[in-house]
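Comments concern the structure below.
The values are calculated or read from the model by the stated rules, or taken from the named source; none is laboratory data. Note that the structure is predicted; figures quoted are calculated from it, not measured. Here the Cβ is made from the backbone with ideal geometry for all residues, glycine too, and neighbour counts use every protein chain on show.
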Amino acid sequence: MMSEESKKRISFGKIELAIMAVFFALLAFFYPRNFLFFHSMSEIFSIVVAFMIFVVGWNSKKFHSNGYFLFIGMAFLFVGVVDFLHTVSYKGMNVFAGTSSDLATQLWITARYVYAVSMLAAPLFLTKRFRLEIALPLYAGITGIVLLSIFSWKVFPVCFVDGAGLTTFKISSEYAICAVLAAAILFLKTKKEYLEPGVFRLLAASMAVSIASELAFTLYIDVYGALNAAGHMLKILSFYIFYKAVVVVGLQRPRELLFRNLSESEKRLRKSEKKYRDLVEGINEGVWAIDENANTVFVNRAMAEMLGYGPEEMQGRHLFSFIDERDIDEAKFSLERRKSGISEKHEFEFIRKDGVMISAHLTTAAVVDEAGNFKGAVAAVMDISEKKRIERDLLQAKEIAETASKSKSEFLANMSHELRTPLNAIIGFSEFMLKADSEGLSKNHIEYLERIYSAGQHLLSLINDILDLSRIEAGKMELFSESIDLPGTLGYCMTMFREKAGNHRIKMSLAAEEAPEIIRADLRKFKQIVINLLSNALKFTPDGGEVQVSASLNGGEVLISVRDSGIGFKPEDMERIFTPFERAGEDANKNIEGTGLGLSMVKRLVELHGGRVWAESAPGEGSVFHFTLPAEQENPASES
């Protein structure tokens, strides 16, 4: 059954239509008799509607959540002003002395451009903020400049020539305005969900009729002609429809608009709530919300499954009923801190429904009202039971490794003592016999003693390397930095191999002219690096070969290289050669003695100094080993 308000609205609408019909009939009556009166009445109607739209848009802004109607109202204020100037400047009004039909036509085009561009821009403010303090001065400034170009500067393009009719500019402008209005309809359609369906249809119809009006104004020659009159009648219809869309909506139905906005807000709120609820339900972490008394008000499915419950089973239950009693005191303290607005992270032991204990990490935040009163808390909960188990396993493995490392160190220390004592005796006695009794020994005996001495030295060197390697791996190797004469130390290391190199006709050379004289390093370990690299080079260089040592300054580093003309190795063996007890090219090198510790010791000792080590090689083309050390030169003036 139709409401009383609806009946009144229909009755008023009929009266309004009757008034409009009478008004159109009067205009049709006066058109052939007094066109100037017809034109003035047509324009006055449009001007009055334009100012009404401005007043309604300005005063009904509190009923709208967007700036669309306020922007429309502001735009129609300027449309009405320019239309008023168009009306009083019309040919025959004699308000402006000596005016032709061109002035009124120029003002007409100006008003239509303002209207069309505003209609195109207006839908933006259905979703964006409208800043009147910027738009109003902007519109006033642009409109003022255009009016000055018409009245004062006389630079506005001619729109009408008496006797000839419309100019190309005027006709082109009308078509351009039609195109802008068509685009405005399409743009408004993309935003129509922000308007009542009836309002959108009225606005679109108003702009469509306005397009028809503009097309009529492209064809007339006489400003008093029928096409001009038809254009004005269509303009009246367009403004009347706009009046129905804006003025009636703004004055007669603000409450409906208010309730519509509330309804739309409620829909968006429900949609947003559903989106975030779906998001919370979809994440893998648990979400737990409690009220000010620590009673559960919400858990997502992941949280409920973590404790083996259904979400509804946890509703209303106290938080502490799920926490291990050993953690309850800490949980109470944490909750009190939440009431003070402090957000923290905690780990608690929770009791599952099946009695199994789990470890969980909680990141919590307080929920407060507008007055800052505590209303509950929300926590993101992560099951870290597996992480805790891994941590326990890692701790146990670390303890086992440390025990094993300690046992290894003790074993190596004991073995070092047990092996070095007899080795030192063997080396010492063999050396003594070689020096003291060599004249009384046969050639074979001397050769045997030399082998004993050499084997003892080799075994002692191997023991020292193993001990050094174990110290480095245990992090117990210390560096004693001191000033080193770089060229002198390199030369000294090379003299240790002169005899061996001479026996195999291997040429040795040193190039250190571009290197700094003094560097800082651990002297013993630096010698160990160079000796290991020289020993390795001589070991794999055939008789008649060459070994070159070079040193140079490379940026902030000292680069030292040991190059040989030996057998080389494959690129794929590059990583293996620096691994303990690994050797490159075992098939080719099985007759060459070695433990595989030398290069691994070089790598670790260089890295202890903060340097790098690498190699370049190819089978049959020799090898070059590079290492760097920081070029920290000591300033002699600073020494005391």
- Restricting attention to segment 309-326, does a residue exist that is in a helix (DSSP H, G or I), basic (Lys, Arg), modelled with pLDDT of 80 or more and more than 30 Å from residue 471 (Cβ to Cβ)? yes
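Would you tally the residues in segment 540-556 being under 20 Å from residue 507 (Cβ atoms) and in contact with a strand residue (DSSP E or B) (Cβ under 9 Å, 6 or more places away or on another chain)?
To start, the set of residues in segment 540-556 that are under 20 Å from residue 507 (Cβ atoms) comprises 540-551.
When the remaining residues are screened for being in contact with a strand residue (DSSP E or B) (Cβ under 9 Å, 6 or more places away or on another chain), the result is 540-541, 544-551.
The qualifying residues number 10.
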Flagged in segment 570-579 as assigned to a helix (DSSP H, G or I) and among the basic types (Lys, Arg), in numbering order, are 576
| Being modelled with pLDDT of 85 or more and surrounded by 15 or more Cβ atoms within 10 Å (Cβ to Cβ), is that true of even one residue in segment 585-599? | yes
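Kindly indicate which of 71, 130 is touching a residue at least 12 places away in the same chain (Cβ under 8 Å), hydrophobic (A, V, I, L, M, F, W, C) and assigned to a loop (DSSP other than H, G, I, E, B). Quick ask: steps written out before the conclusion?
Values: 71 fails: assigned to a loop (DSSP other than H, G, I, E, B).
Answer to the check: 130.
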Considering residues that are modelled with pLDDT of 95 or more and β-branched (Val, Ile, Thr), the number found within segment 70-90 is 3
From the option list 185, 177, 211, 171, single residue qualifying as free of Cβ contacts under 8 Å to residues at least 60 places away in the same chain, among the hydrophobic types (A, V, I, L, M, F, W, C) and more than 28 Å from residue 16 (Cα to Cα) is 171
Considering residues that are assigned to a helix (DSSP H, G or I) and surrounded by 18 or more Cβ atoms within 10 Å (Cβ to Cβ), the number found within segment 159-193 is 10
Is there a residue being surrounded by fewer than 18 Cβ atoms within 10 Å (Cβ to Cβ) and among the hydroxyl-bearing types (Ser, Thr, Tyr) anywhere in segment 541-556? yes
task: Check whether at least one residue in segment 117-125 is touching a Gly at 6+ places or on another chain (Cβ under 8 Å), crowded, with 19+ Cβ neighbours inside 10 Å and either modelled with pLDDT of 95 or more or in the same structural domain as residue 239 (by TED's automatic domain parsing) (or both), and report yes or no.
output: yes
Taking segment 29-53 and the residues there that are under 12 Å from residue 83 (Cα atoms) and buried (at least 20 other Cβ atoms within 10 Å of the Cβ), the one that is modelled with the lowest pLDDT would be 39
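Of 366, 401, 397, which residue is at pLDDT below 85 and loosely packed, with under 14 Cβ neighbours inside 10 Å? Spell out the reasoning first.
Values: 366 fails: loosely packed, with under 14 Cβ neighbours inside 10 Å; 397 fails: at pLDDT below 85.
After ruling out the rest, the residue left standing is 401.
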* Look at residue 113 and say whether it is farther than 27 Å from residue 264 by Cβ and in contact with a Leu (Cβ under 9 Å, 6 or more places away or on another chain). => no
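Out of 66, 94, I need the residue that is assigned by TED's automatic domain parsing to the domain that holds residue 196, in a loop (DSSP other than H, G, I, E, B) and over 25 Å from residue 162 (Cβ atoms). Which one? Spell out how you get there, then give the answer.
Working: 94 fails: over 25 Å from residue 162 (Cβ atoms).
None of the others qualify; the one that does is 66.
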If we ask which residues in segment 292-305 are under 32 Å from the mean Cα position of the chain (by Cα) and in contact (Cβ under 8 Å) with a residue 24 or more places away in the chain, their number turns out to be 1
Residue pairs qualifying under the 6 Å Cβ cut-off, at least six apart or on distinct chains, with the first in segment 84-101 being within 16 Å of residue 39 (Cα to Cα) and the second being at pLDDT 85 or above and of a type in the set (D, E, K, R), are 87/43
For segment 144-155, pairs from a residue that is within 15 Å of residue 104 (Cβ to Cβ) to a residue that is not hydrophobic (A, V, I, L, M, F, W, C), with Cβ under 7 Å and 6 or more apart or across chains, are 146/110; 150/106
Of the listed residues (110, 105, 143), the one being in contact with a Cys (Cβ under 7 Å, 6 or more places away or on another chain) and either surrounded by 15 or more Cβ atoms within 10 Å (Cβ to Cβ) or of a type in the set (Phe, Trp, Tyr) (or both) is 105
Filtering segment 537-552 down to residues that are modelled with pLDDT under 90 and within 13 Å of residue 621 (Cβ to Cβ) yields 540
